Amino acid sequence: MGNEIGKYIIIIGSIIVIIGIMVYFFHDKLGWIGKLPGDIRIEKENFRFYFPITTMILASIVLTLFFRFLKKFF
């Protein structure tokens, strides 16, 4: 059981490192994230509310497909 947990921790850590590298080097190309149509943004003088519903739906779809791919091959 410990062997399986270690394998999953390594996979998750590798994914986090890859995402970090992508954000570090391509941050200027990722400006559209959080600004998709359907993201709710309310800005007033002393108040800001931001709810990225479309971005989260897109992220959920991408992560679901990614984890199904991993599950199929591991």
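The numbers here are math on the coordinates, done by the rules we state, and not lab data. Since we're looking at a predicted model, the values are computed, not measured. Because the Cβ atoms are built from the backbone with ideal geometry, glycine has one as well, and the counts that use them run over all protein chains shown.
What order do you get for T54, T64 when you list them from fewest to most C-beta neighbours inside 10 Å? Write down the numbers at each step before the final one.
On the way: T54 15, T64 10.
Lowest to highest Cβ neighbour count: T64, T54.
Give the dimensionless ratio obtained when the Cα radius of gyration of the chain is divided by 2.2 N^0.38 Å.
It is 1.49.
Tell me the angle of helix 53-73 to the major Cα principal axis of the chain, expressed in degrees between 0 and 90 and rounded to the nearest ten.
The angle comes out at about 10 degrees.
Using a Förster distance of 22 Å, how high is the FRET efficiency between I5 and L63, based on the Cβ-Cβ distance and rounded to 0.05?
0.60
Round to the nearest 10 and give me the degree value, 0 to 90, for the angle of helix 2-26's Cα axis relative to the longest principal axis of the chain.
40 degrees
Please give the FRET efficiency for L70 paired with H27, using the beta carbon to beta carbon distance and R0 = 22 Å, rounded to the nearest 0.05.
Using R0 = 22 Å, I get an efficiency of 0.25.
To the nearest µm²/s, what D does Stokes-Einstein give for the range 34-74 at 20 °C and 1.002 mPa s, using the Kirkwood radius over alpha carbon pairs as Rh?
Estimated diffusion coefficient is 179 µm²/s.
At 222 nm, what value in deg cm²/dmol follows for the chain if DSSP H runs of at least 4 each add -39500 (n - 2.57) and the sum is divided by all its residues, to the nearest 500? Please list the in-between numbers first.
Numbers: 2 runs with 46 residues, N = 74.
Theoretical 222 nm ellipticity from helices: -22000 deg cm²/dmol.
Between E43 and I15, what is the FRET efficiency for a Förster distance of 30 Å, r being their Cβ-Cβ separation, to the nearest 0.05?
Computed FRET efficiency for E43 and I15: 0.35.
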